[in-house]
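Right, one structure below, let's go through it.
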Amino acid sequence: MQRFIKINGKVRANVICPAGFMGVMNTDKTGENFHLICDTKVPFAFIILHRRRPSYKLCKVRKIFVDTKGIPHLVTHDVHTICYPDTLIMVKDTIQIDLENGKMTGFIRFDTGNLCIMAGGANLGRIGVITKRERHSGSFDMLHVKDANSNSKTPSISLP
């Protein structure tokens with residue numbers, strides 16, 4: 001095993017720890033850098049990052065909890081756990097993680113007017129702007145998304 005490929009800034013030799021959605025892959029030997037995202041045609045696609053080293057990745061917040069010692073924690077979609085997160089961060093927000101030290105550098109609220117990418121269902125890989133969010137307590141939330149072609153989609157959001 002020659003260990004040429006890094007996933008999220010670390011050499012991964014374990015097959016149980018694969019690359020996932022919004023993962024950053026790079027090869028030092030050839031100098032190529034890729035982002036792994038969802039596409040409308042195939043489940044996963046690589047976006048080539050030209051002439052810049054990826055220094056961050058975006059992660060969706062899955063859970064926020066307080067442990068037994070009273071320390072708040074934040075868990076992302078790729079199982080990053082961050083202690084003492086910003087109190088303004090909620091579930092379903094997006095955070096920016098620095099790949100070199102694993103620290104959170106910023107966050108984006110899950111709100112109307114922001115860009116989103118659909119990561120599941122029939123609209124997998126579609127990118128659009130959130131226009132409206134219908135909240136249905138105890139059930140699925142409906143999200144109205146308008147893409148670049150002015151097509152309006154209404155996917156449902158599952159409970160966290």
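What FRET efficiency would be calculated for the residue pair T87, C116, taking the C-beta separation as r and a Förster radius of 35 Å, to the nearest 0.05?
On the way: r = 23 Å, r/R0 = 0.67.
Taking R0 as 35 Å, the efficiency between T87 and C116 is 0.90.
Around C83, what is the net charge, scoring Lys/Arg as +1 and Asp/Glu as -1 over all other residues with Cβ under 13 Å from its Cβ?
Working: positive: K69, K103; negative: D67, D86.
Net charge in that neighbourhood comes out at 0.
For the peptides 94-102, 42-50, the ranking by mean Cβ contacts within 10 Å, running from highest to lowest, is 94-102, 42-50.
Where [x] 157; [y] 169; [z] 116 are the candidate values, the label of the one calculated here for volume of the Cα convex hull per residue in Å³ is [x]. With contacts taken as Cα pairs under 8 Å at a separation of at least 6 residues, segment 55-160 carries a relative contact order of 17 percent.
Legend: distances between Cα atoms for K29/K60; K41/K132; K10/K60; K6/K103; K6/K41; pairs beyond 28 Å are K29/K60.
For segment 56-108, the relative contact order works out to 36 percent when only alpha carbon pairs closer than 8 Å and six or more residues apart are counted.
Computed from the coordinates by the stated procedures, all read-outs in this text should not be read as laboratory data. Everything numeric in this text was worked out from a predicted model, so none of it was measured. Every residue, glycine among them, receives a Cβ derived from its backbone with ideal geometry; neighbour counts consider all protein chains shown.
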